[in-house]
Amino acid sequence: MSLGAHAQHHLDSLITAWQRLRAQPLASAFSILVIGIALSLPTGLYLLISNLDRASNGLAEHTEITVFLKPKTETATALSLAESLRNEPGIRKLRFVSREEALLELQRSGLDDILTSLSSNPLPHALVIEPTQTSAEQIRRLDQRLRQRPEVDAIASAEAWARRLTALLDFGIGLTWMLSTVLALALAAITGNTIRLQIYARRDEIEISRLIGATDRFIRRPFLYFGALQGLLGGLTALLLSGLAILWLNQSVAELATTYGSSFRLALLDVPISLLLLVGGALLGLAGAGLSVTYTLRDFD
Amino acid sequence: MIELINVTKHYPGGHVTLANVDLHIQHGEMVFITGRSGAGKSTLLKLIGSIEKPTSGHIKIGNEDISRLRRTTVPYFRLNIGMIFQDHKLLYDRSVLDNVLLPLHIREVHGAEATRRARAALEKVGLANRERSRPITLSGGEQQRLCIARAIVGRPRLILADEPTANLDDDYAHEIMGILQALNEGGDTILIATHDQDLIVRYGKRRLVLADGTLS
């Protein structure tokens, strides 16, 4: 058999599958919607996490690390330390705040009465650092490096906060995978069940085809294409549902972000993930159909 | 061409349908298999068509022992056979043309070539003007002719016909027999299971009688 004839048969099987989908529009629409909803749950969770990650990165861009030097550190030593740190990797910006400037800032903030009662300036020199990298891990490393300096007394950073957020995001990613796996099985089961019902509805046709020489492969093919098509359309539905949800939520997010002086908006799924959703849906549909058709055809033997 | 060697077939429950049957049919022969209802005529055709397997013995078609065929190779063997069923086994939700196209699609013949061959087969059995009809709208004789068109469209050299004229009146029966005889004159080997003695006498071909599972 020529390659052209083989390709033609695949095309015919695809057309047959499409015709079977269209022959029962309501049943097909419900199946596709159920698959779409099942796929949109992990998709929605993924979107939530990726947007949270993006939002936290945006906040972290403004993260500052305040390094308090030991009280007895001389100004010259502090300036020298500031100069050497400016050339270190991981530090985008460094501002030296002398103990005198710090006192002035405190006085301006309304603590003048308390400060005048003190006999001397209790504040240390400080370095306010803006890191170049903003992930929790990178902030933690920078924090460790700074603590090794003998002049450093204490550090106030967003590292703990960033670590908690990262842990939360990691948990979310794990949850997405778990949900994806469970719902992938559900998708395969939904498709498998649809295919099983179809096979029983076409029992006569299958038996006649076998009697006149059809191989199982010939019989299976339209069902496999049906499963893949259903999964693909389910993926497309999930894509549309998640897109609509983002558009709907973005209004509230915009209002919330404005109160923080941010222009943050929820992002839609990017192209690779969208493709993964479509191809994944099709492959899961194919797998469900494959299992179902194999086991159901055995019942006919 | 077709050789049955000591073939026995019994079904679960112990009922013996065929017992130690030996048979030899030459290429290009037209043979009637007759006997009373339940004599084993249909079982014999099913064994030759590899629809069922013998309990014991060998069935050879050409040089191949089909009683030893694996399940996965049976469909490829069936492509060499045209089968005509008593109950037609047509797809009633498809058109006449689609029914005849099915064996071609199974053979991966598609497009214009498939349509041309299907129309030629319908022409041969006199159904060229009914290609768009549904089989349910055809008469019994026309349905049987459609079944023949489907059997011959793949150009098999062996045709197995199980009671092809059952439930048909005389005119239709002779129409069907005329088509089968023409195929035989074209070189095809044809086995016909029938209990219609008049038909057998009229066509004067080789006759095999099955009684109590044995052949005479």
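Taking every DSSP beta bridge that has both residues in the protein assembly as shown, what percent is antiparallel when rounded to the nearest 5?
Values: 29 of 47 bridges.
Within the protein assembly as shown, antiparallel bridges account for around 60 percent of the total.
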Quantify how much of the Cα-Cα distance distribution of the range A:64-157 extends past 16 Å, in percent.
55 percent
Summing -39500 (n - 2.57) over the DSSP H runs of n ≥ 4 in chain A and dividing by its residue number, what mean residue ellipticity at 222 nm do you reach, to the nearest 500 deg cm²/dmol?
-25500 deg cm²/dmol
Quick numbers on chain B, Rg and Dmax over C-alpha atoms in Å, give 17.1, 51
By how many degrees, between 0 and 90 and to the nearest 10, does the Cα long axis of helix A:3-23 differ from the longest principal axis of chain A?
80 degrees
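What per residue convex hull volume, in Å³, comes out for the range A:154-203 when only alpha-carbon positions are used?
Value for the range A:154-203: 35 Å³ per residue.
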Could you run the Debye sum over the Cα atoms of the protein assembly as shown, one equal point scatterer each and no solvent, and tell me log10 of I(q)/I(0) at q = 0.08 Å⁻¹, two decimals?
-0.69
Let me understand chain A better: what is its radius of gyration from the alpha carbons, and its Dmax, in angstrom?
31.3, 107
Please list 3J(HN,Hα) in residue order for the range B:113-122, calculated via the Karplus relation 6.51 cos²θ - 1.76 cosθ + 1.60 where θ = phi - 60°; whole Hz, with x for glycine and proline.
4, 4, 5, 4, 5, 5, 5, 5, 5, 5
Tell me which lysines have Cα within less than 28 Å of B:K124's Cα, excluding those fewer than 8 residues away on the same chain?
B:K41, B:K46, B:K89, B:K205
Cα-based helix-to-principal-axis angle, A:271-300 vs chain A, degrees rounded to 10:
30 degrees
Sum -39500 (n - 2.57) across every DSSP H segment of at least 4 residues in chain B, then divide by the residue count to get the 222 nm mean residue ellipticity, nearest 500.
-10000 deg cm²/dmol
Relative to the first principal axis of the alpha-carbon coordinates of chain A, what is the inclination of helix A:216-259, with its axis defined by its Cα atoms, in degrees from 0 to 90 and to the nearest 10?
30 degrees
Which of the lysines could a cross-linker span from A:K70 if the Cα-Cα distance has to be under 30 Å and same-chain partners fewer than 8 positions apart are dropped?
A:K93
Going toward the positive end of the dipole of the protein assembly as shown, with +1 on Lys and Arg Cβ and -1 on Asp and Glu Cβ, which of A:N121, B:L199, B:I148 do you reach last?
B:L199
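No value in this document is a laboratory result; all are computed from the given coordinates. Quantities reported herein were computed from a predicted structural model and do not represent experimental measurements. Cβ: placed from backbone, ideal geometry, glycine included. Neighbour counts: every protein chain shown.
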